[in-house]
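Contents: one structure, followed by commentary.
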Amino acid sequence: MVKSKSAYSIPTKVGKLETHIIVVWVDNEASVLSRVVGLFSGRGYNIESLAVAEVDQKKNLSRITIVTTGTPQVIEQIVLQLKKLVPVHKVGNFKREDKNVIFKEMALLKIVANSSKIKKVLNVCKKFNPVILDKTNKSVVIQITALRREIDKMTKNLKSSGLISVSRTGAVAMTRGAEIFN
Amino acid sequence: MPKLYTGAEIVFKCLEDQKVKHIFGYPGGAVLPIYDELKNHSSIKHILVRHEQGAGHAAEGYARSSGKPGVVLVTSGPGATNVVTALTDAYMDSVPLVCISGQVPTHLIGTDAFQECDTTGITRPCTKHNWLVKDINDLSRIMHLAFEVATTGRPGPVLVDIPKDIQFAKAKYIPAKKIKREKILSNNRFNQKDIDKLIQLMNKASKPIFYTGGGVVNSGPEASKLLRELVSLTGFPITSTLQGLGAYPGNDNQFIGMLGMHGTYEANNAMHDCDLLINIGARFDDRITGKIDEFSPKSKKVHIDIDPSSINKIIKVDLSIVGDVKDVIKLTTKTLKQKNINLEKSNKQKISKWWQQIEKWKTKDSLNFINSDKIIKPQYAVQRLYELTKNQDTFITTEVGQHQMWAAQHYKFDKPNRWMTSGGLGTMGYGLPAAVGVQLAHPKKLVIDVAGEASVLMTMQEMSTAVQYNLPIKIFILNNQYMGMVRQWQELLHEKNYSESYTEALPDFVKLAEAYGCVGIRANDPEELDQKIQEMIDIDKPVIFDCRVDQAENCFPMIPSGKPHNQMLLGPKDQEENKITGKGKALV
């Protein structure tokens, strides 16, 4: 073994990576998003996607949904560190495979093509609740909601059918059934 | 119509309400209204430092030695950025600080105004929380909340950034007790079952050890008392982190010394071989654990901590107890006594073999060094300092480096809050300003900064503060002309390439002391050391003591990088012996 020249330890085995959806309820105040995001960047955690908006005007609450990957130990740390932030009220943590949770992302797709091609595209989008938001005889803007990987696949496949612009949100999440997360 | 106060008045009313006696600060354009108000509040004394970093460290020393939060007042821009090092230091070592910073007027924020900086942005990662006060009506609430956040749970620094126009604006003052608060979560999230589990583990253990840290000190003097009771009740050996020193008496038989990179042979080996490890208020820092994969491989691990995020962060534990150390120990001791399972007797037999093993390790005498009658050995200097000061209540601060480790190894503390050192961040220049803060909190006590000549030059200007306020701090410099710890690592890891670790042109510390208006003493010879140290103690003025020590001395024992606890590098005596027998190579 090569002799270490560092006063720090050498990184050793890394645990298995898991993808989790972390939901954070926060006071909607100045710089709260940078506190949450700064915690992730400062401690070297990963953000795959982020969605944030105020959900309760009266109580001034925002809901942040973050998709992240990390070892189980890192995920546990993320949750515990988030809970320490002063404006954070509660933190939810779901595995992506969790069947009791619905995850959705939204995407806007702009397609410039002739009408027969557009028809084809709309057909392909059928599974993902397509809504036509704008239509001319040369173009169409479609809104779809789906899982991340489904949208990934769609955007890849539609490239040849005239897809010229994509705008996507981060994932949002909600538990199934009557229970709410506490 | 209720009386309206200016923002500056509200700041002071809050400080009075919070029973603040001292603030450390430095004036500037954006805090002038607050400084203008100072004269109307005689119960609060302002200490003018020479650099804002000094204000931060002084407040840290004040807080650590007194248990009360330290308060810092600085101006915008450079004032705020200068205090960042101290805030980060306090954040790493869990010291409660409230920093108030001035800011340019609200309408100029974001325009790159004179002395403007994004203070809340810059200090976000180094505070528990910070606030930019944009509305005068929020000021009272935020000020009181700042004190609450800084001092509750795991303590730490907070910052309140107040624009200049807010300092002039007027509003009602709301006292602390009238602030509406959301429910405060209790620090204690454990129950009797957890304690029962702990006691079960204690009963089963045949090689147990307590590993205690700064959390015990932060929990207050009562926690240290309770810890002593628990340790004597169980008969278990106890080791402490750098920050925890003093929580348990350093000269007690059950205390086996500090652990970690420069800890004792017996403490580190006991950590490695134990079958039950009870962590009380420590955080498995990387200077403690050594190689993670081989850290204490055979033990059940218990972690008692007030901060849930400390648990399982580095080392997976078998039992976690989240709560205030004081309350956890209290319930544990109570349960132990109630169950009356004569732990002491049964355990002592069970663990007597364990103690025999520890005694065997102790015979290595790992803190030994080869003394000299020609040149002062730094370890010898610390030992003499200890012997000559141990009969009075002495407070020790340190800078960072070899001298810090020697002080930790050879100075025995028997009370908490007597040992102030920068552990987490390792800030050179911490000790001198910290001593200023300690002396203010304890005017009649002996306060000594065990320093290195390189570290102390980083904040040397604060001697001027000590002189201004007649604070008789003693700066005991172990002067080897090297950044000693850097030199040691270069010797051991970088083939003796002493790149930039030697200081060519040092000031004459005796003359420097005189220039500051304090007393300078120099010692070159081991023979004169005692008499000179006594002279230093007897002078009722600030003293700079230039103790010229061996330049080549290394700090041992040491866990080399990437090695587990049981592969320590021992001192020169042992290395010599092992060369002869050939057995020691495994140790190196």
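Points worth noting:
- Shielding by other protein chains, B:305-313, mean Cβ within 10 Å: 4
- Cα-derived Rg over Rh, computed across the range B:229-350 with Rh taken as Kirkwood radius: 0.94
- Average other protein chain Cβ within 10 Å of Cβ, residues A:36-43: 1
- For peptides B:381-394, A:127-140, A:28-41, sequence by mean Cβ density within 10 Å, most packed first: B:381-394, A:28-41, A:127-140
- Taking 0.36 nm per residue of separation and subtracting the current Cα-Cα distance, fully stretching the chain between B:Asp393 and B:Lys511 would add 39.5 nm.
- Model label zone, B:Lys316; criterion: amide N under 16 Å from point 7 Å along Cα-to-beta-carbon; scope the range B:274-297: B:292-297
- Considering only B:Pro472, B:Gln338, B:Ile544, and ranking their Cα positions along the charge dipole of chain B that arises from unit charges at the beta-carbon of Lys, Arg, Asp and Glu, the one farthest toward the positive end is B:Gln338.
- Estimated [θ] at 222 nm from DSSP helical runs (n ≥ 4, -39500 (n - 2.57)) normalised by residues in chain A, nearest 500: -8000 deg cm²/dmol
- Prolate/oblate/rounded label for the range B:1-151 (Cα gyration tensor, a/c 1.5): rounded
- Efficiency of FRET from Cβ geometry, B:Asp530 and A:Asp27, R₀ 41 Å, rounded to 0.05: 0.10
- Pairwise Cα distances in chain A exceed 27 Å in 44 percent of cases.
- Whole-number Å³ per residue for the convex hull built on Cα positions in the protein assembly as shown: 211 Å³
- Note on the range A:43-182: dipole from Cβ charges, positive end direction compared against A:Asn137, A:Phe103, A:Asn157; the farthest Cα belongs to A:Asn137.
- For the range B:25-103 versus the range B:427-475, the spacing of their alpha-carbon centroids is 16 Å.
- All lysines inside 23 Å of B:Lys353 as judged from Cα atoms, apart from same-chain residues fewer than 8 positions distant: B:Lys204, B:Lys207, B:Lys298, B:Lys300, B:Lys301, B:Lys345, B:Lys362, B:Lys364
- DSSP-defined beta bridges in chain B - what % are antiparallel, rounded to 5: 5 percent
- Counted as membrane-span-like here are DSSP H helices of chain A whose alpha-carbon atoms extend 20 Å or more along the helix's own axis and whose Kyte-Doolittle mean is -1.0 or above; there are none.
- Ranked by how many other beta carbons lie within 10 Å on average, peptides A:53-59, B:125-131 from highest: B:125-131, A:53-59
- Dipole orientation for the range B:166-261: of the candidates B:Leu201, B:Gln243, B:Asn253, B:Gln243 has the Cα lying most toward the positive pole (charges on Cβ; Lys, Arg +1; Asp, Glu -1).
- Given R0 = 51 Å, the distance between the Cβ atoms of B:Lys172 and B:Ile539 translates into a calculated FRET efficiency of 0.50.
- Sites A:Asn114 and A:Thr19, calculated FRET efficiency, Cβ-Cβ separation with R0 41 Å, nearest 0.05: 0.55
- Summing charges over neighbours of A:Asn129, with a neighbour being any other residue whose Cβ is under 13 Å away from its Cβ, gives +1 when K and R count +1 and D and E count -1.
- Pairs of Cα atoms farther than 32 Å apart, chain B, %: 49 percent
- Counting, for every residue in A:81-90, the Cβ atoms of other protein chains within 10 Å of its Cβ and taking the mean gives 3.
- Binned Cα-Cα distance frequencies in the range B:407-554 - 5 Å width, integer %: 2, 9, 18, 22, 21, 15, 8, 4, 1, 0
- Tail weight of P(r) past 17 Å, computed on alpha-carbon pairs of the range A:118-160, percent: 26 percent
- Sorted from longest to shortest, the spans of the Cα atoms of the range B:365-463 along the three principal axes equal 37, 30, 26 Å.
- Listed cross-link partners A:Lys16/A:Lys153; A:Lys99/A:Lys127; A:Lys58/A:Lys135; A:Lys16/B:Lys291; A:Lys104/B:Lys313; A:Lys90/B:Lys316 are compared with a 27 Å cut-off, the Cα-Cα value being larger for A:Lys58/A:Lys135; A:Lys104/B:Lys313.
- In this structure, the pairs whose alpha-carbon distance is over 20 Å, taken from B:Lys13/B:Lys164; B:Lys21/B:Lys128; A:Lys138/A:Lys159; B:Lys45/B:Lys511, are B:Lys21/B:Lys128; B:Lys45/B:Lys511.
- Pair A:Asn157, B:Ser42: separation of 7 Å Cα→Cβ label points (nm): 8.4 nm
Throughout, read-outs are computed from the coordinates displayed, never taken from laboratory work. Here the structure is a predicted model, which means the values were calculated and not measured. In this analysis, Cβ positions are derived from the backbone assuming ideal geometry, glycine residues included, and neighbour counts consider all displayed protein chains.
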